[in-house]
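Each remark here refers to the structure printed beneath this line.
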Amino acid sequence: QELMENTKFFAQNLKDLGYKIICEPELNIVAFNHPTMETHELAEKLEDLGWKVSVAKCPVAIRVVLMNHVKKNHLEELLKDLEDIF
């Protein structure tokens, strides 16, 4: 339950920042893109900030798999960096 609550929290906050959610998450996975920046450029910017992200190939998108060790404060830190990138 906590995984899905964090997943929904992350997806909603991404939308609030202006990111595009590829599809509403039904599992603990969120795929998203910046509205104007290429996905690989966004991935590079995140990696420059210390985040290790996965780029899905079909469709091309940043993919975040929320696992048990990912807590809400981690998501808030990532969202802050995504806000700064935006």
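The values are calculated or read from the model by the stated rules, or taken from the named source; none is laboratory data. All values reported here derive from a predicted model rather than from experimental measurement. Every residue, glycine as well, gets a Cβ built from its backbone with ideal geometry; the counts of neighbours run over all protein chains shown. When the accessible area is computed, the model is the full protein with side chains, heavy atoms only, and any ligands, DNA or RNA have been set aside. Shrake-Rupley method; radii C 1.70, N 1.55, O 1.52, S 1.80 Å.
About the Cα centre of the chain, how large is the charge dipole given +1 on each Lys and Arg Cβ and -1 on each Asp and Glu Cβ? Please answer in debye to the nearest 20. Let's see the in-between values first.
Values: 10 positive and 15 negative charges, 50 e Å.
The dipole magnitude comes to about 240 debye.
Scan segment 1-55 for trypsin sites (Lys or Arg not before Pro) in coil per DSSP, keeping those whose Cβ has at most 11 other Cβ atoms within 10 Å, and list them by number.
Answer in residue order: 52.
Please report, as a whole percent, how much of the solvent-accessible surface of the chain comes from carbon and sulfur atoms (probe radius 1.4 Å).
On the way: 2820 of 5500 Å².
Carbon and sulfur together cover 51 percent of it.
Any idea of residue 40's accessible area? Nearest 10 Å², probe 1.4 Å.
110 Å²
Just round it to a whole percent: the fraction of Cα-Cα distances in the chain exceeding 22 Å. Intermediate results must be reported in sequence, preceding the final value.
Values: 536 of 3655 pairs.
Result: 15 percent of Cα pairs exceed 22 Å.
May I ask for the net charge around residue 79, where only other residues with Cβ less than 12 Å from the Cβ of residue 79 are counted and Lys, Arg are +1 while Asp, Glu are -1?
Working: positive: 15, 72, 80; negative: 16, 76, 77, 81, 83, 84.
Combined, the nearby Lys, Arg, Asp and Glu give -3.
Could you please put 14, 49 in sequence from largest to smallest accessible area, using a 1.4 Å probe? Walk me through the numbers before you get to the answer.
Working: 14 0, 49 95 Å².
I get 49, 14, largest accessible area first.
Can you give the accessible area per residue of segment 14-84, in Å², using a 1.4 Å probe?
On a per-residue basis, 64 Å².
Taking K and R as +1 and D and E as -1, what net charge do the other residues with C-beta under 10 Å from the C-beta of residue 34 add up to? Please report the intermediate quantities before stating the final value.
On the way: positive: 20, 45; negative: 38, 41.
Once positives and negatives cancel, what remains is 0.
How long is the gain from residue 15 to residue 56 if the chain were fully straight, where each residue apart is worth 0.36 nm and the alpha carbon distance is subtracted?
On the way: separation 41, 0.36 × 41 = 14.76 nm, distance 1.88 nm.
Result: 12.9 nm gained on full extension.
Per residue of the chain, what 222 nm ellipticity follows from adding -39500 (n - 2.57) for every DSSP H run with n ≥ 4, rounded to the nearest 500? Present the calculation step by step, with values, prior to reporting the outcome.
Details: 3 runs with 40 residues, N = 86.
Computed mean residue ellipticity for the chain: -15000 deg cm²/dmol.
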